[in-house]
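As structure tokens, the structure follows; a few thoughts come after it.
The values are calculated or read from the model by the stated rules, or taken from the named source; none is laboratory data. From a predicted model like this one, the values you see are computed outputs, not experimental measurements. Every residue, glycine among them, receives a Cβ derived from its backbone with ideal geometry; neighbour counts consider all protein chains shown. SASA here: full protein model, heavy atoms, side chains in, ligands and nucleic acids out. Shrake-Rupley method; radii C 1.70, N 1.55, O 1.52, S 1.80 Å.
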Amino acid sequence: MSELIGVGIIGCGNISTAYLRLASLFAGYEVRAVADLNIEAAKAQAEAFDVRAETVDDLLGAADIDLIVNLTIPAAHAAVSKAALEAGKHVYSEKPFVLSVDEGEELAKLAAANGLRVGSAPDTFLGASHQLARHLVDSGQMGRITSGTAMVMSPGMESWHPNPDFFFQPGAGPVLDIGPYYICNLVQLLGPVASVTAFTGAASDTRTIGNGPRQGETVPVETPTTIHAVLRFHSGAIITLIGSWDVWSNEHNNMELYGTDGTMYVPDPNFFGGDLRITAKADAVATPAWSHPFGVANDGDHANYRGAGLADMVQAIAQGRPHRCSLEFSLHVVDVMTSILRAGETGQVEQISTSCDRPDALTPDAAQALMA
Ligand SMILES: NC(=O)c1ccc[n+]([C@@H]2O[C@H](COP(=O)([O-])OP(=O)(O)OC[C@H]3O[C@@H](n4cnc5c(N)ncnc54)[C@H](O)[C@@H]3O)[C@@H](O)[C@H]2O)c1
């Protein structure tokens, strides 16, 4: 690629450090400026990473910025992405992409009208272990995946995040906040979801912040914090999904997929790495060998390649091919998540109106080609 794509980040909170720190791993783009409603937050990141701090309007108007990375809170995602598209910039958003299918469809129209790309995190499904799972499914080694479980349970987010308010507001909760990692991975492995049903609840009306300057302050809980859902995929697979921030301890695997020829124990889809274990039918559990760039530990013991989806979108723009963390894929996942929450309210089976192709597999060579 001859010219670097100029990236501007809007939203300089907790996760912006990972994007700024890891940007140098990837080819094709350069972070040039950051903005935030809170200009002090933008200035602090600008100083730490040697980029410009600007107001949101100035960043949207900057001639050297081709693509906006939207790292604002979920409630602001749609409006900030819309403003980026109206300013003529491609946009890549943190998850959840948007909070409703209508918001996503509006962005799709705007992007199509302006010839711009829209992408969204999570990109952890591009990680080594999840791409090994993809390879095993696609090569037929597991037979047909008929069912499985996806489990993400913890005591919640208020113990570590200094401003955890948004986690407990509509637009977050475990399904919209953590669900994207799990549901994206299921969709990349199994294809689109046909229908869902769910029951939901919450253990408490308030949560107490456990960290930072607001430690001890309580925040209201206005969205379910325990969700038990069942997803039926067009492939026929049936998956039980449990998301909860009301659980102190549990011993479930994060993801188990049951095929006609064996079982796959998939590591946490919140991360790029981890050991994927399989059985051939009832044989002993084995850990297949797999060498993939996005499995190499680069963050303590963890493989952290946050920004891989952005790098793939940047390369896709240059090559004129579809990008993997696409609007269609992200919107389908939003549809699944919002339908799960609606099913929790109605007690009905909700049909999923959107669909998507599975993103292309990211082979080790394709992953290497995204790196600087
Ligand atoms: N924190 C994490 O570990 C993590 C991990 C993965 C994904 N995410 C996602 O990233 C997003 C941001 O999370 P975070 O933890 O960094 O949140 P945060 O609250 O720490 O930071 C959000 C920042 O966005 C700014 N902001 C809000 N609305 C804005 C607007 N309209 N225009 C400009 N700036 C605005 C806020 O001032 C704040 O500085 C969320 O969607 C979250 O789900 C977070």
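Couple of notes before you dig in:
- Shape of the range 94-184, Cα gyration tensor, a/c cut at 1.5: oblate
- Sparse packing (at most 12 other Cβ atoms within 10 Å of the Cβ) combined with a DSSP loop state is found for the following chymotrypsin sites (Phe, Trp or Tyr not before Pro) in the range 138-201: W160.
- Sorting 19-32, 323-336 by their mean Cβ neighbour count within 10 Å, with the most densely packed peptide first, gives 323-336, 19-32.
- Using the average count of surrounding beta-carbon atoms within 10 Å as a protection proxy, the listed peptides 74-84, 353-363 rank, highest first, as 74-84, 353-363.
- Value at 222 nm in deg cm²/dmol, rounded to 500, when DSSP H runs of n ≥ 4 in the chain each add -39,500 (n - 2.57): -9500 deg cm²/dmol
- Stokes-Einstein D (µm²/s) once Rh is taken as the Kirkwood radius of the range 5-120 over alpha-carbon pairs, at 37 °C in 0.692 mPa s: 236 µm²/s
- Global geometry of the range 266-342, whether rounded, prolate or oblate, following the gyration tensor of its Cα atoms and the 1.5 cut on a/c: oblate
- Residues with amide H under 5 Å from that of I5, placed H, sequence gap 5 or more: Y29, E30
- Loop-located chymotrypsin sites (Phe, Trp or Tyr not before Pro) in the range 289-325 whose Cβ has at most 16 other Cβ within 10 Å (DSSP): W290
- Beta bridges per DSSP, both residues in the chain: antiparallel share near 60 percent.
- Given +1 at the Cβ of Lys and Arg, -1 at the Cβ of Asp and Glu and no other charges, the dipole of the range 59-172 around its Cα centre is 360 debye to the nearest 20.
- Note that the range 160-222 presents 36 Å² accessible area per residue, ligands and nucleic acids not counted, probe 1.4 Å.
- The range 5-120, accessible area per residue, ligands and nucleic acids excluded (1.4 Å, Å²): 40 Å²
- Carbon and sulfur %, accessible surface of the chain computed with the full protein complex present, 1.4 Å: 51 percent
- Amide H to amide H, with H built 1.01 Å from N, T146 comes under 5 Å of Y258, G259, T260, counting only residues 5 or more places away or on other chains.
- Karplus-derived 3J(HN,Hα) values for the range 169-186, using 6.51 cos²θ - 1.76 cosθ + 1.60 with θ = phi - 60°, are 9, x, x, 10, x, x, 6, 6, 7, 9, x, x, 4, 6, 6, 4, 5, 5 Hz; glycine and proline are entered as x.
- Here the contact order of the range 5-120, divided by its residue count and restricted to Cα pairs under 8 Å and six or more residues apart, works out to 23 percent.
- Reducing the range 12-74 and the range 249-284 to their Cα centroids gives an inter-centroid distance of 37 Å.
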